[in-house]
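Trainee: What follows is a structure written as structure tokens; I'll ask about it next.
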């Protein structure tokens, strides 16, 4: 019979994958369209005065060498005043197209100062861009010249004021010690009397320009012709042709900032030499330009210019740099000419050379602008009495009668006499000070002798100073004034110190605060050893004293008073290490101290974070290292057996934890013991400085039972300690060769005594075994007074105390016991390998422990030589 197959029903798919292709194509096309629009570029218009050097499709727009656009079209503007250049900019330049963005044409330019745009000879002219700020823009006005500071240029811009421009031009170099460090970028008129010159200094040289720097014109040649010869001075060929500016770095106090303004002087001498001021007078008949300004016969300056004021004549005067200290707000000036009379004839030469202006120095601080009245005669002050003083010195300094007394190398008096004191202990100098300089000598002032040749050699270098021939032949004395305003009376006695260094040291000490540091040794310090805070010197060691009664050192230090805020309750001091090396898995860290501190020793000041230094400020501790200082370590003294093998840096440990270290060890004069000074770390000092604390030496002990303290075979012996319980503290302890026998025995351990006829291989530390388990040990032994037996002191640990009572039997399980009989044969008895090598005592207990059969510390139990057979059968049901 034919079977008819049933039809299969197939459901039609609602969505075919082929439809994904047009969707993907649509998305891809939209993305390409958006990308094409986005990257099509941004069209902008730049207005140039002319199209010279610009080509459509060729001229590029560049930013620091990177092409960011191209010229697409050029057209004439509506006003016929230039051309509009259309540029298609890269779409990524959109953030830089703002209102203050600058464009200019770069083309080759050659001048005396150099060649610009040299790269355009090969690549053609291009338009440069300097991004600016402001709102977005598409129309720009091109710059006629490149900006003063080009993109990528870093430095500072300063403004120089000058009454005339001279040969200075844009591009003129700016020199520092004949090295070009910048250039002139622009200049402009400021009113009708002066010119403002903008000068740019490159970034690597900005540190040379300070607030008080001086700038001067070095353009062209400077020729100085006189009887001594002809001197020609110039900076470089470029400055001869194109002008130039030079400057000094001033006093290096505060660095210049952008926009700072300076005066441009006509030459170097005017810039850095001398001081200018104004004199006023009713009549200037005997005064002309060039009239000398004289101090005690020495020409110190001259008159530069005369000009008529409403009622007076103003004289512009200048004093040379080396004499500028003569001019202060209270200086006095008067006109002096030739004096001819029947009695005297003075200054006849002035009949030919003309009158001069004399100056009487003042004592006040200099001011920026000073104006003086020119008197017609000398002030009455010159007729005052001179100030007579006595100077006292420890030794004669080679100063003779008539030697000058000076202040800032200016003569203010002279030496009248040199004599020994009445007791021959000192040298006394009598000096006179001129009336006009009386105000310089105040209470606290002192004097120092000058040396014709002075050599100062130190780690900072070698300095050689020389004086004039007069100083070499006669000597001289310099005044070091004090800040006190109280004047010294005539015939007073002042000090004449050995040198200016001693004088400065004394003056500096007056500005110092003094502290005393307590140290266990001299710390390799000497007088003058530096004190640092964060590697900056803030003081020095003034004295190191040894205290014989305590065998310790008191170190006096001086710290500048301006650092007084550093002295707080949490202040610490520690010794400097010349080189500190810290090595670990992360690398090696090497910290080198300053050279002066490494050679002379040094001290560092630091602070505890959030803590208070426990030492009293009057007795501060000088720690051996920064680590000990931050740990607030306490110093103790240990007396050790002479055989102790300990040295500096030996650790002090408690239960394996280091709680201190030995600082120094020395042999006592008696040769019977060692004295060690040690530090206990501050966190542990309270527990281990109690009077009943016990110190002992831990060294490796090798025996058949094993090795105790094996780590000391590598590290060497260390000091062990048991904390005390007494509330009294001490700084002196005696260390024993070994720890106390019961030092580590628990307080509730079961203690008792064993008696034996022979000691055999038993010793301190011999273990007690119960069924092969170590439950105690022998703590000590002694021979009875009668000499009949030996008493062994033993204990059982608290957790095993219930296993031992008066019914317990003890026997010596040490070694191997062999029993040989004629008929019974040989019998060998032994315990564990440990008892064979190191000995041991075995225990068997018959009864359960109760209150009636508990052992006490004075109970004496016989120690048998061997075990009885029935003991092995005892199995009491012990309950703990």
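Trainee: Condition test on residue 666, is it assigned by TED's automatic domain parsing to the domain that holds residue 727, touching a strand residue (DSSP E or B) at 6+ places or on another chain (Cβ under 6 Å) and free of Cβ contacts under 8 Å to residues at least 12 places away in the same chain?
Mentor: Yes: the conditions hold for residue 666.
Trainee: Are any of the residues in the stretch 768-788 assigned to a loop (DSSP other than H, G, I, E, B), at pLDDT 85 or above and touching a strand residue (DSSP E or B) at 6+ places or on another chain (Cβ under 7 Å)?
Mentor: no
Trainee: How about the stretch 789-806: which of its residues are assigned to a strand (DSSP E or B) and crowded, with 19+ Cβ neighbours inside 10 Å?
Mentor: Listed by number, the residues that qualify are 792, 794, 795, 796.
Trainee: Of these, 660, 602, which one is crowded, with 20+ Cβ neighbours inside 10 Å, more than 23 Å from residue 729 (Cβ to Cβ) and either at pLDDT 85 or above or in contact with a helix residue (DSSP H, G or I) (Cβ under 6 Å, 6 or more places away or on another chain) (or both)?
Mentor: Step by step, each of 660, 602 is checked, and only 602 is crowded, with 20+ Cβ neighbours inside 10 Å, more than 23 Å from residue 729 (Cβ to Cβ) and either at pLDDT 85 or above or in contact with a helix residue (DSSP H, G or I) (Cβ under 6 Å, 6 or more places away or on another chain) (or both).
Trainee: On the basis of being exposed (fewer than 10 other Cβ atoms within 10 Å of the Cβ) and at pLDDT 75 or above, does residue 17 make the cut?
Mentor: no
Trainee: Right, something else. For the condition touching a strand residue (DSSP E or B) at 6+ places or on another chain (Cβ under 9 Å), in the same structural domain as residue 129 (by TED's automatic domain parsing) and either loosely packed, with under 13 Cβ neighbours inside 10 Å or assigned to a loop (DSSP other than H, G, I, E, B) (or both), what is the one hit in 73, 55?
Mentor: Exactly one of 73, 55 is touching a strand residue (DSSP E or B) at 6+ places or on another chain (Cβ under 9 Å), in the same structural domain as residue 129 (by TED's automatic domain parsing) and either loosely packed, with under 13 Cβ neighbours inside 10 Å or assigned to a loop (DSSP other than H, G, I, E, B) (or both), namely 55.
Trainee: Follow-up question, since we're still on this one. Under the condition of being surrounded by 13 or more Cβ atoms within 10 Å (Cβ to Cβ) and touching a helix residue (DSSP H, G or I) at 6+ places or on another chain (Cβ under 9 Å), which residue from the stretch 683-708 is modelled with the highest pLDDT?
Mentor: The extreme case among them is 695.
Trainee: Which residues, counting only those in the stretch 527-560, are in a loop (DSSP other than H, G, I, E, B) and within 18 Å of residue 512 (Cα to Cα)?
Mentor: 527, 528, 529
Trainee: List pairs: first residue in the stretch 255-281 and at positive phi, second residue assigned to a strand (DSSP E or B) anywhere in the structure, Cβ distance under 9 angstrom, at least six positions apart or on different chains.
Mentor: The qualifying pairs are 259/156; 259/157; 259/158; 259/159; 274/301; 274/318; 274/319.
Trainee: Give the residue that is modelled with the highest pLDDT, with candidates limited to residues of the stretch 431-452 that are touching a helix residue (DSSP H, G or I) at 6+ places or on another chain (Cβ under 8 Å) and more than 17 Å from residue 396 (Cα to Cα).
Mentor: 433
Trainee: For the stretch 492-525, enumerate the residues that are closer than 30 Å to residue 426 by Cβ, touching a helix residue (DSSP H, G or I) at 6+ places or on another chain (Cβ under 6 Å) and at pLDDT 80 or above.
Mentor: 497
Trainee: Given (1) touching a strand residue (DSSP E or B) at 6+ places or on another chain (Cβ under 6 Å); (2) not assigned by TED's automatic domain parsing to the domain that holds residue 680, identify the lone condition not met by residue 717.
Mentor: Condition not satisfied by residue 717: (2).
Trainee: Testing residue 514 on (1) part of a strand (DSSP E or B); (2) surrounded by 13 or more Cβ atoms within 10 Å (Cβ to Cβ); (3) in contact (Cβ under 8 Å) with a residue 24 or more places away in the chain, one condition comes back false. Which one is that?
Mentor: Among (1) part of a strand (DSSP E or B); (2) surrounded by 13 or more Cβ atoms within 10 Å (Cβ to Cβ); (3) in contact (Cβ under 8 Å) with a residue 24 or more places away in the chain, the lone unmet condition for residue 514 is (2).
Trainee: When the residues of the stretch 191-228 are narrowed to those that are in a strand (DSSP E or B) and at pLDDT below 85, which ends up nearest to residue 272 (Cα to Cα)?
Mentor: The extreme case among them is 222.
Trainee: Just to be sure, is residue 412 touching a helix residue (DSSP H, G or I) at 6+ places or on another chain (Cβ under 7 Å), in a strand (DSSP E or B) and within 22 Å of residue 298 (Cβ to Cβ)?
Mentor: Judged against the criteria, residue 412 is a match.
Trainee: Looking at the stretch 725-747, is at least one residue surrounded by 17 or more Cβ atoms within 10 Å (Cβ to Cβ) and not in a strand (DSSP E or B)?
Mentor: no
The values are calculated or read from the model by the stated rules, or taken from the named source; none is laboratory data. Here the structure is a predicted model, which is why all the values come from computation and not from measurement. Positions of Cβ are generated from backbone atoms using ideal geometry, with glycine treated the same way; all protein chains shown enter the neighbour counts.
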